[in-house]
Amino acid sequence: VSKLPFKDEL
Amino acid sequence: MNPFRILGDLSHLGSILILIYTIRSTNTIEGISFKTQVLYSLVFLTRYLDLAMFKFISFYNTIMKVFFIASSIYIVILLQKSKKTNPISYKEMLLTDSFKIQYLLLGSCGMAFFFHHSFTPIALLWSFSIWLESVAILPQLFMLTKSGKAKSITTHYIFALGLYRALYIPNWIWRYMSESRFDKLAISAGIIQTLIYSDFFYIYYKKVIKGKGLALPT
C-alpha cells in the first residue's frame, strides 16, 4: 500500500 | 477519478455558489459566520501553496484550486462590504459570531507539528490546512446554536458542505481498493470533520424534521 499524501485531492 | 470524488467536489463547489448567490441576491449576511469564512480562506491559502511552486497535477486540479482560493477571499470581502451596506446585519453577525478561533488555530498548529508527511514548510502547512479544515465549520455551527434559528441559506450551505465531506469517505475506500493508496493523515482529519457534520445533522434532524425549530443545545 502506498502512503504518499493525497496531494491530488482538493 | 471515481464518482464519489467528482460528486464530492461538485457538492463543495455548489456550497460556495449557494453562499455567494444568497449573499448577493438577498443583500443579507444573517446567520453566516465571518470567522468560519476567514478560516476557509486560510485553509485554501496554506494548502494550495504548490500552485505557487508550479507543481502541475492536472488541469482540473489547478482550476479548482484557483477557484477555491479566489471564491473564499471573495466571500470574506463580500461579508466585509456588508459592514457599510447593511450595518445592522453586520453588527448582529459580529455579536453571535463569538467562537474563540485561537484554539482552533493553535490546535491545528499542534496537530501539524505532530502529524505530517515530512518536516518541510510546505508539508507542515499542508497538514495544518487539513486539520484546520476539519474544524473550520465550528464557529458557524456555534453561531447557529447561539442564535437558535437557522436561515434556510445557512442550512443549504452546511448540507452541501456536509455532503462533500461524506462523499470523500467512499472515495477513500475506492482509492484504497483500486489504487492501493492510503493517506492516514487526510483520512483521520476527514473522518473527524465528517463526525462534526454528522453531529450537526443529527441534532438538525431531531429538532427540525421532527418539528421543534432549531434551538440547539449548548
(request) Starting from residues that are surrounded by fewer than 17 Cβ atoms within 10 Å (Cβ to Cβ) and basic (Lys, Arg), keep the ones in the stretch B:162-206 and report whichever is nearest to the chain's Cα centre (by Cα). (result) B:LYS184
(request) Would you be able to say whether some residue in the stretch B:135-145 is modelled with pLDDT of 95 or more, farther than 30 Å from B:THR26 by Cα and either within 14 Å of another protein chain (Cβ to nearest Cβ) or in contact with a Phe, Trp or Tyr (Cβ under 7 Å, 6 or more places away or on another chain) (or both)? (result) no
(request) Looking only at the stretch B:55-71, decide whether some residue is assigned to a helix (DSSP H, G or I), hydroxyl-bearing (Ser, Thr, Tyr), within 11 Å of chain A (Cβ to nearest Cβ) and closer than 24 Å to B:ILE101 by Cβ. (result) no
(message) Checking the structure you have, find out if any residue of the stretch B:86-96 is in a helix (DSSP H, G or I), surrounded by 13 or more Cβ atoms within 10 Å (Cβ to Cβ) and among the hydrophobic types (A, V, I, L, M, F, W, C).
(response) yes
(request) Kindly provide the set of residues from the stretch B:26-59 that are within 22 Å of B:MET143 (Cα to Cα), among the polar types (S, T, N, Q) and more than 13 Å from the chain's Cα centre (by Cα), ordered by number. (result) B:THR26, B:ASN27, B:THR28
(request) Starting from residues that are buried (at least 16 other Cβ atoms within 10 Å of the Cβ) and either in contact with a Leu (Cβ under 8 Å, 6 or more places away or on another chain) or of a type outside the set (Lys, Arg) (or both), keep the ones in the stretch B:146-155 and report whichever is modelled with the lowest pLDDT. (result) B:ALA150
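Every residue, every condition in (1) among the small types (Gly, Ala, Ser); (2) loosely packed, with under 15 Cβ neighbours inside 10 Å, yes or no:
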residue: B:THR36; (1), (2): no, no
residue: B:SER41; (1), (2): yes, no
residue: B:PHE44; (1), (2): no, no
residue: B:ILE69; (1), (2): no, no
residue: B:GLN80; (1), (2): no, yes
residue: B:LEU104; (1), (2): no, no
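The values are calculated or read from the model by the stated rules, or taken from the named source; none is laboratory data. This structure is a prediction, so every number in the text was calculated from the model and none was measured. Please note: Cβ atoms are built from the backbone with ideal geometry, for glycine as well, and neighbour counts cover all protein chains shown.
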